[in-house]
Structures are given as C-alpha cells and as structure tokens.
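The values are calculated or read from the model by the stated rules, or taken from the named source; none is laboratory data. Given the structure is predicted, the values throughout are model-derived calculations rather than measurements. Because the Cβ atoms are built from the backbone with ideal geometry, glycine has one as well, and the counts that use them run over all protein chains shown.
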Amino acid sequence: MLETLRAAGGRSSLEDLESLVFTPWLAEYERREEAGEESSWDPHLARLRSKAGGRSSDRDLLAAWFRPYGEQLVPTTGARQGLETLGRLEMKLALVSNVPLPGELYAQVLDRHQLAGPLDRMYFSYDCGSRKPSPAMLRMAMADLGVDPTACVMVGDRRERDIAAGRLAGTRTIWVRSADQGGPAADATIETFADLSELLTAWQR
C-alpha cells in the first residue's frame with residue numbers, strides 16, 4: 001500500500017499507515033458484529049491521502065493491500081466440480097459472502113480460479129451494508145433471483161454465520177463440515193462442496 005501511495009506522488013510512512021488507517025479501522029472492525037455491517041475504509045484512507053497527498057484512489061490502495069492475501073487464496077475441495085455440476089442442473093446460484101473489503105477484489109479471485117461462471121449473482125457484505133448472520137443479503141439474493149425461501153437452500157461452512165442466516169431467512173440449510181462447530185445445526189451436512197449436487201438432486205425428488 002505504501003509503495004502504491006508513493007508511486008502516485010504521495011509521501012507517507014509505515015507509521016502513518018498504522019496510525020491513520022489500520023488502528024482506527026481495526027477498532028471499528030472489532031465492533032462489526034454489534035454494528036451488523038463491515039467497517040468502512042473510506043474515512044481512514046481519506047485521512048491518509050489528506051496528509052500524504054498524491055493521486056492514489058481508494059480502490060488502488062485497497063487492491064495493493066489485498067493482493068498478497070488474494071494471491072494465496074485457492075478453491076476449497078470440490079468447489080469447482082460442485083459449481084459446474086449445479087450449473088448443468090440449471091439451478092439459480094448466488095454467492096452471499098462476508099468480506100472486509102470491496103467485493104470486486106474477491107470477484108477477481110473467483111474469476112482467476114474459474115469459479116464465477118455458474119454464479120448468477122454475487123453479494124458481498126462490504127458493498128451491501130449488511131453481514132451474516134443477518135438474513136438481509138440472502139433475502140436480497142432471493143428477491144433478485146425470484147426464488148421463494150421454501151425453494152432456496154443456504155450452503156456454508158460457518159454455522160454461526162451461514163446456517164444462522166439461512167434459518168432467519170426461512171430457507172433449508174446445508175453445512176459443509178469445517179472446524180466451525182458453533183451455531184445452529186443445519187438440515188444436512190456434507191463433507192465437501194462436491195457432495196452438494198447429489199444431496200440437492202435427492203431433495204428435488
């Protein structure tokens with residue numbers, strides 16, 4: 001981020017990044033559950049640019065900070081296979097994800113790993129102004145896709161977020177087994193995302 005700032009004509013230091021951006025952002029981020037939404041980077045980056053000068057945009061600065069993390073992200077077991085199978089079954093698919101940065105950064109990762117194709121819609125908490133376990137994003141997805149809650153299934157690996165959101169939205173729920181053991185029980189459990197299509201097909205019957 002510092003290199004990006006300097007390349008755009010700004011002058012700053014690691015100490016400035018810590019005091020003007022990361023410390024105040026983290027304080028808000030730790031209250032995100034209470035607020036029910038992700039903490040915004042906007043005021044902190046505006047403070048940084050006000051002191052540093054230059055022509056860097058919020059998007060460029062956040063992309064620079066995200067890049068090392070994003071390059072390490074790889075699909076979970078069975079993700080590509082499961083999505084491709086569901087796409088062939090002509091099911092309407094939406095991604096509903098809690099993320100602390102603009103969704104476009106994560107969408108680029110999905111594109112890079114060829115995971116975005118089968119998805120009809122993508123909803124990211126940073127952009128939508130709500131985060132799971134609130135059912136707001138899930139309800140938005142169902143409305144946009146024209147799907148009734150009784151015909152929708154929420155699938156996720158975090159029971160306290162994904163399964164709770166599905167229950168609040170009135171959908172059936174499937175937990176992809178993970179280390180996250182807290183939260184409400186799902187209607188069904190699968191070991192990997194590749195197992196999803198077989199279960200959904202059985203439910204359709």
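Things to note:
- For segment 76-92, a residue qualifies if it is more than 13 Å from E198 (Cα to Cα) and among the polar types (S, T, N, Q), and the qualifying residues are T76, T77.
- Qualifying residue in segment 31-50 (condition: touching a Pro at 6+ places or on another chain (Cβ under 7 Å) and not small (G, A, S)): yes
- Residues of segment 115-127 classified as under 10 Å from the mean Cα position of the chain (by Cα) and surrounded by fewer than 18 Cβ atoms within 10 Å (Cβ to Cβ), total: 1
- Filter pass, D162 being of a type outside the set (A, V, I, L, M, F, W, C) and at pLDDT 95 or above: yes
- Selection of segment 17-53 for residues being within 28 Å of the chain's Cα centre (by Cα), among the charged types (D, E, K, R) and part of a helix (DSSP H, G or I) yields E18, E28, R32, E33, E34, D42, R47, R49.
- Checking each residue in segment 39-96 for being aromatic (F, W, Y) and in contact with a Leu (Cβ under 7 Å, 6 or more places away or on another chain) picks out W41, F66.
- Flag for A186 being at pLDDT 95 or above, out of contact with any Ser or Thr (no Cβ under 9 Å at 6 or more places or on another chain) and not assigned by TED's automatic domain parsing to the domain that holds A64: no
- The number of residues in segment 175-205 that are among the acidic types (D, E) and touching a Phe, Trp or Tyr at 6+ places or on another chain (Cβ under 9 Å) comes to 1.
- Candidates E71, E38 - the one that is surrounded by 15 or more Cβ atoms within 10 Å (Cβ to Cβ), under 30 Å from V176 (Cα atoms) and out of contact with any Asp or Glu (no Cβ under 8 Å at 6 or more places or on another chain): E38
- Scanning segment 100-114 for residues that are surrounded by 16 or more Cβ atoms within 10 Å (Cβ to Cβ) and either of a type in the set (G, A, S) or over 14 Å from the mean Cα position of the chain (by Cα) (or both) turns up G103, A107.
- Cβ pairs under 6 Å, 6+ apart, first in segment 35-50 and at positive phi, second in a loop (DSSP other than H, G, I, E, B): G36/S134
- Residue in segment 54-75 that is under 25 Å from G156 (Cβ atoms), among the small types (G, A, S), outside the structural domain of Y126 (by TED's automatic domain parsing) and modelled with pLDDT under 95 present: no
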